[in-house]
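Values quoted throughout were computed directly from the atomic coordinates according to the rules given, and no laboratory measurement underlies them. What you see is a predicted model; the values in this text were computed from it and never measured. Virtual Cβ from ideal backbone geometry, glycine too; neighbours counted across all protein chains shown.
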Amino acid sequence: MEDKEYDRFSKLISSKQKHKLKSQQMGRSAWTGLQVFGIIGWSVVVPALLGTASGIWLDRKYPQTFSWTLTLLLGGLTAGCIIAWQWLEKENTDINNE
């Protein structure tokens, strides 16, 4: 029974080592991970800020019974999350195809 566990563990370690070497050959590092966080962050923040700014302007120019600022903030946040999700899906597909 221990031999099966040892073989499974050995295969797992070998797989992780191959993945790490492949990542190093492709130039991926911890900095790449930080860059991904930055890209995702900005892709969410920028649409949310644009929506908020547009909402503030609309609240001043065309007051309504509802808040344009909150509405467009949520719209921008939703759009930013969708953009980030699509980018992550594309990156995941690219990584898995390699």
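Quick notes
- Rounded to the nearest 0.05, the FRET efficiency derived from the C-beta distance between I95 and T65 at R0 = 35 Å is 0.15.
- Restricting the calculation to Cα atoms, segment 29-97 shows an Rg/Rh of 1.19 when the hydrodynamic-style radius is the Kirkwood one.
- Per-residue ³J(HN,Hα) for segment 79-85, Karplus 6.51 cos²θ - 1.76 cosθ + 1.60, θ = phi - 60°, Hz, x for Gly and Pro: 4, x, 5, 5, 4, 4, 4
- Counted residue by residue at 0.36 nm each, then reduced by the alpha carbon distance between them, the extension gain from E5 to I83 reaches 23.8 nm.
- Using a Förster distance of 30 Å, the FRET efficiency for T32-I56 (Cβ separation, nearest 0.05): 0.25
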